[in-house]
Amino acid sequence: MYKILKQIDFFANFSDEDFAKLEQHISFKKYNQDNIVFYESDTPKYFYILISGEVNATKSNFKNNPVLINTFRAVSFIAEMAVIENIPFPATATCANECEIIQITKEPLLDLIKSDTNIAFGIIKSLTKKIKTLEHTININILFDATQKVMSHILNNPDSLKTSKHTHIAKILNTTPETLSRTIKKLKDQNIIDDNYNVDIEKLKMLI
């Protein structure tokens, strides 16, 4: 389990002694598709680390319908800022497929963060990645039309057309499946995407 955690930037500087302090506070869980990891407004008790699968973060809109705001992919933390800040989770986390998740009781891990600057730097790196992703999402939604959103997503996630359902990609981009299909067809006609959804990145860059 420690080898898996070492893949995450946050745990890169952990020593064997650090992991030993957490040993009694770590648990491993398997989730099925559509299982809830936590609900919006729940009080955080654990850090959650996604080891395999994908987890969707959704918020309720004014009609109380779920709106997809992010998808977490292995290997990564899930909503660690809420745990660190001790604020309610801002969204509901639902497994998009079968998932494996490591839970770590928050207090022992927070104690390590406070006591070791190297560990604290690790969490900064993890959060910085999330901020960059958020900035990219904001820019896409402000500056790009629907077609450009699709092309930008494919450029930054070239394997997503193979690994994710197209309806799910449309939800992420806040567009319709029809718009996604039309854009994919257009890119196929221009020989940028082939029938196996392999992407010619250099050609795609020229369109954005």
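Brief remarks on what is shown
This table checks each residue for (1) outside the structural domain of PRO90 (by TED's automatic domain parsing); (2) polar (S, T, N, Q); (3) over 30 Å from LYS3 (Cβ atoms).
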residue: SER27; (1), (2), (3): no, yes, no
residue: ASN35; (1), (2), (3): no, yes, no
residue: TYR39; (1), (2), (3): no, no, yes
residue: ASP42; (1), (2), (3): no, no, no
residue: LYS45; (1), (2), (3): no, no, no
residue: ASN56; (1), (2), (3): no, yes, no
residue: LYS63; (1), (2), (3): no, no, yes
residue: VAL67; (1), (2), (3): no, no, yes
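- Check on PHE11, over 17 Å from the mean Cα position of the chain (by Cα) and crowded, with 17+ Cβ neighbours inside 10 Å: yes
- First in region 106-124 and in the same structural domain as PHE10 (by TED's automatic domain parsing) and surrounded by 12 or more Cβ atoms within 10 Å (Cβ to Cβ), second anywhere and part of a helix (DSSP H, G or I) and acidic (Asp, Glu), Cβ under 8 Å, 6 or more apart: LEU112/ASP18; ASP116/ASP18; ILE119/ASP18; GLY122/ASP9; ILE123/GLU80
- Put simply, of LEU68, LEU134 the only residue that is modelled with pLDDT under 85, among the aliphatic types (A, V, I, L, M), within 19 Å of ILE169 (Cα to Cα) and in a strand (DSSP E or B) is LEU68.
- Some residue of region 47-63 being in contact with a helix residue (DSSP H, G or I) (Cβ under 6 Å, 6 or more places away or on another chain) and within 14 Å of ILE123 (Cα to Cα): yes
- Residues of region 92-121 satisfying the condition of being over 24 Å from the mean Cα position of the chain (by Cα) and of a type in the set (D, E, K, R): ASP111, LYS114, ASP116
- Looking only at residues in region 150-189 that are among the basic types (Lys, Arg) and surrounded by 14 or more Cβ atoms within 10 Å (Cβ to Cβ), the one that is modelled with the lowest pLDDT is LYS171.
- Unique match (being of a type in the set (Gly, Ala, Ser), within 21 Å of the chain's Cα centre (by Cα) and within 27 Å of PHE10 (Cβ to Cβ)) among SER160, SER152: SER160
- In region 7-26, the residue that is modelled with the highest pLDDT out of those that are among the hydrophobic types (A, V, I, L, M, F, W, C) and in a loop (DSSP other than H, G, I, E, B) is PHE14.
- Some residue of region 185-193 being touching a residue at least 24 places away in the same chain (Cβ under 8 Å) and either of a type in the set (Gly, Ala, Ser) or closer than 30 Å to THR43 by Cα (or both): no
- Verdict on THR94 being touching a residue at least 40 places away in the same chain (Cβ under 8 Å), assigned to a strand (DSSP E or B), assigned by TED's automatic domain parsing to the domain that holds ALA120 and touching a strand residue (DSSP E or B) at 6+ places or on another chain (Cβ under 8 Å): yes
The values are calculated or read from the model by the stated rules, or taken from the named source; none is laboratory data. All values reported here derive from a predicted model rather than from experimental measurement. Note that each Cβ is placed from the backbone with ideal geometry, even for glycine, and that neighbours are counted across all protein chains shown.
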